[in-house]
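Structure first, then comments.
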Amino acid sequence: MYLFGNTGGSVEFTSPDADGGSLSMTRTDSDAGGTFNSTLSATTPGGSTITPDGVYPDKYWTITQTNLTGFTATVYFDASGLTDSPNLDNVVLLKRTNSSSDWEPLNTSRIGNTLFATGITSFSEFGIGYVKPGVLIQTKIYLQGAYDVNGDTMKVDINSSIPLTSPYSEDPRTTTVNPIPSTIVDWVLVELRSTDTGPTIASKSALIRKDGRIVADDGIT
């Protein structure tokens with residue numbers, strides 16, 4: 001296993017090169033940028049599968065090999081200090097040939113703040129990838145007819161009458177929510193506009209809980 005100074009990275013050869021060679025690693029503390037292939041996914045340390053479309057702008061690593069062939073290695077990188085202090089169970093390592101190539105996600109595990117990927121057979125550039133969030137809002141919307149003043153929540157009496165698929169043609173989906181979570185009182189349509197009266201840029205069906213929160217199909221998120 002080779003440790004590289006203060007780069008926060010290391011390489012472990014699990015299957016050695018037959019005739020030897022050399023290896024160097026540098027860390028660049030800036031935004032690597034780059035493009036992504038929307039069809040490539042990888043498993044995060046938390047066990048979920050993501051298709052990353054962003055790379056953290058804090059640091060990336062370049063590993064250069066000379067006269068090394070036929071090996072298999074594991075790479076380790078320190079993921080501490082990333083922008084927004086992400087949950088490291090939700091990220092993956094990325095690999096690309098050069099700045100003109102797409103980032104490719106790697107199935108990733110972690111030990112503490114160290115992310116690692118196995119089965120590496122060539123070296124180049126590595127970064128840490130994530131899925132960019134959509135527009136995040138926090139709001140509460142109460143339906144007047146279903147409002148229960150005693151509990152400061154909405155009544156769930158109509159829960160059994162809620163359709164299992166979104167009733168909104170603006171966001172047609174075939175996904176069935178079955179059963180509708182017991183805390184849900186209705187479907188709502190969320191629209192994104194650049195101004196109050198401007199054209200709709202995007203629409204998304206969501207569920208509304210009895211406490212007024214707008215949530216995803218799982219009734220929680």
- Query: Which pairs do you get when a residue that is over 24 Å from Arg173 (Cα atoms), found in the stretch 184-198, comes within reach of a residue that is assigned to a loop (DSSP other than H, G, I, E, B) and at pLDDT 85 or above, reach meaning Cβ atoms under 8 angstrom, with the pair 6+ apart or on two chains?
  - Reply: none
- Of all residues in the stretch 33-46, count the ones that are in contact (Cβ under 8 Å) with a residue 40 or more places away in the chain, small (Gly, Ala, Ser) and over 18 Å from Ser85 (Cα atoms). 4
- Just checking, how many residues over the stretch 112-163 are of a type in the set (Ser, Thr, Tyr), in contact (Cβ under 8 Å) with a residue 60 or more places away in the chain and touching a Lys or Arg at 6+ places or on another chain (Cβ under 9 Å)? 2
- Task: Exactly one condition in (1) closer than 30 Å to Thr108 by Cβ; (2) surrounded by 15 or more Cβ atoms within 10 Å (Cβ to Cβ) is not met by Asp218; state its number.
- Result: (2)
- Task: Kindly establish whether Asp157 is of a type outside the set (A, V, I, L, M, F, W, C) and in contact with a helix residue (DSSP H, G or I) (Cβ under 9 Å, 6 or more places away or on another chain).
- Result: yes
- Can you pull out the residues in the stretch 69-108 that are more than 18 Å from Gly8 (Cβ to Cβ), of a type in the set (Asp, Glu) and outside any loop (DSSP other than H, G, I, E, B)? Asp89, Asp102, Glu104
- Message: Return the residues of the stretch 130-167 that are among the small types (Gly, Ala, Ser) and either closer than 21 Å to Arg193 by Cα or touching a strand residue (DSSP E or B) at 6+ places or on another chain (Cβ under 6 Å) (or both); say none if nothing qualifies.
- Response: Gly134, Ala146, Ser166
- Message: Just checking, does the stretch 12-25 include any residue being in contact (Cβ under 8 Å) with a residue 40 or more places away in the chain, under 27 Å from Pro133 (Cβ atoms), surrounded by 14 or more Cβ atoms within 10 Å (Cβ to Cβ) and aromatic (Phe, Trp, Tyr)?
- Response: no
- For residues that are in a loop (DSSP other than H, G, I, E, B) and aliphatic (A, V, I, L, M), tally how many sit in the stretch 198-221. 2
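The values are calculated or read from the model by the stated rules, or taken from the named source; none is laboratory data. Bear in mind the structure is a predicted one, so any value in this text is a computation, not a measurement. All Cβ positions, even for glycine, are placed from backbone atoms using ideal geometry, and neighbour counts span all protein chains on display.
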